[in-house]
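The values are calculated or read from the model by the stated rules, or taken from the named source; none is laboratory data. Note that this is a predicted model, so its numbers are computed, not measured. Here Cβ is always computed from backbone atoms with ideal geometry, including for glycine, and neighbour counts include all displayed protein chains. Note: accessible area is taken over every heavy atom of the protein model, side chains too, but ligands, DNA and RNA are not part of it. Shrake-Rupley method; radii C 1.70, N 1.55, O 1.52, S 1.80 Å.
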Amino acid sequence: MNPPWWAETETEANAIVKDFTSKLEEKLCESPEKIIRRKNPFLFRVRAASNVQTLADMVINAYLSSSEETMFGHVLEDVVIAICKNAKNGRKSGIPNIDLEYDYGDTRTIMQIKSGVNWGNSSQHKAQARAFKSATAVLRQGSRRLNVRCIEGICYGKSEIKDKGSHLRVVGHCFWEEISDWDGTAGAVMELLGKHASNGLNSAREEARDRMVCFLSDSGAVRDDDTVQWDKLLDLVMADPRK
């Protein structure tokens, strides 16, 4: 049974995800020429896209995937904040490099939200530790009696809680339960996202693929048997717009 706060959260999360899928549909309306010139033709050659339909599918999927990775990170962060706001009176933090804050008694939890475990290099991890130290100092200026708890919250990965010295690293199911005090949160979010496996987005993808097929055929990069002429494709992608 869902907790009382989930109904309001679901409404907010639905709006967040709907906005995300709408933006993806808009990106798929870009011209085929702009889309293909942003992708790597050498990679498609290695993947042996032998005919124009296969190539068009690869190009559109790669274009959409690169957009999704960045955009969906922000979507998850917004969903997390909505959940914590309704479940634990959490709030988006105003402290630089901190995403989320919530209180329990005289303890303030501050969190950076990351999508997956492999999110940065050693310099970025050191910067995170410095950000937690700086944020803790700022908060304790207001009240020396305040306990500050720092968390690197990771949305997916093997569920665990690990002490990193400067902060706790909370991953997977442990993370979702941390922000909500409900062990069903991750499953509820997955179910919500499933409702947005949008037919509209699938239609936009198919239309973009068909436009790409027509563009490649009209540009002379496709033979009569629908196989790709890679030298012509390379000229198309790398054409100098100044000429």
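For the range 98-113, taking the residues that are over 18 Å from the mean Cα position of the chain (by Cα) and of a type outside the set (Val, Ile, Thr), the one that is farthest from ALA7 (Cα to Cα) is identified as ASP106. Condition test on ILE35, is it aliphatic (A, V, I, L, M), more than 30 Å from THR227 (Cβ to Cβ) and surrounded by 12 or more Cβ atoms within 10 Å (Cβ to Cβ)? Against the criterion (aliphatic (A, V, I, L, M), more than 30 Å from THR227 (Cβ to Cβ) and surrounded by 12 or more Cβ atoms within 10 Å (Cβ to Cβ)), ILE35 does not qualify.
Please count how many residues of the range 176-224 are over 30 Å from ALA87 (Cβ atoms), hydroxyl-bearing (Ser, Thr, Tyr) and either in contact with a strand residue (DSSP E or B) (Cβ under 8 Å, 6 or more places away or on another chain) or in a helix (DSSP H, G or I) (or both).
Step one: of the range 176-224, the residues over 30 Å from ALA87 (Cβ atoms) are 199-200, 202-224.
With hydroxyl-bearing (Ser, Thr, Tyr) added as a condition, the list becomes 203, 217, 219.
Next, from what is left, pick out any that are either in contact with a strand residue (DSSP E or B) (Cβ under 8 Å, 6 or more places away or on another chain) or in a helix (DSSP H, G or I) (or both): 203, 217.
Within the range 176-224, residues that are over 30 Å from ALA87 (Cβ atoms), hydroxyl-bearing (Ser, Thr, Tyr) and either in contact with a strand residue (DSSP E or B) (Cβ under 8 Å, 6 or more places away or on another chain) or in a helix (DSSP H, G or I) (or both) number 2.
Look at the range 91-115: where a residue is aromatic (Phe, Trp, Tyr) and a partner is buried (at least 20 other Cβ atoms within 10 Å of the Cβ) and in a strand (DSSP E or B), sitting 6+ places away or on another chain with Cβ atoms under 6 Å, you get TYR102/THR109. Pick from the range 99-143 the residues that are of a type in the set (Gly, Ala, Ser) and open to solvent by 60 Å² or more (accessible area, probe 1.4 Å): which of them is modelled with the lowest pLDDT? For the range 99-143, the residue satisfying everything is GLY142. Here GLY157, GLY165, GLY153 are screened, and the one residue that is outside any helix (DSSP H, G or I), of a type outside the set (A, V, I, L, M, F, W, C) and in contact (Cβ under 8 Å) with a residue 60 or more places away in the chain is GLY153.
Taking the residues in the range 38-74 that are of a type in the set (A, V, I, L, M, F, W, C) and more than 22 Å from ALA221 (Cα to Cα) as candidates, determine which candidate is surrounded by the most Cβ atoms within 10 Å (Cβ to Cβ). So that I can check it myself, show each step before the final result.
Of the residues in the range 38-74, the ones of a type in the set (A, V, I, L, M, F, W, C) are 42-44, 46, 48-49, 52, 55-56, 58-60, 62, 64, 71-72.
So of that shortlist, the ones also more than 22 Å from ALA221 (Cα to Cα) come out as 64, 71-72.
Numbers: LEU64: 18, MET71: 15, PHE72: 15.
Top of the filtered list is LEU64.
Just checking, how many residues over the range 146-201 are of a type in the set (Asp, Glu) and open to solvent by less than 50 Å² (accessible area, probe 1.4 Å)? If you could, list the steps in order and put the result at the bottom.
The initial filter retains those residues of the range 146-201 that are of a type in the set (Asp, Glu), namely 152, 160, 163, 177-178, 181, 183, 191.
The next check asks that each one be open to solvent by less than 50 Å² (accessible area, probe 1.4 Å); those that pass are 152, 178.
Here the count works out to 2.
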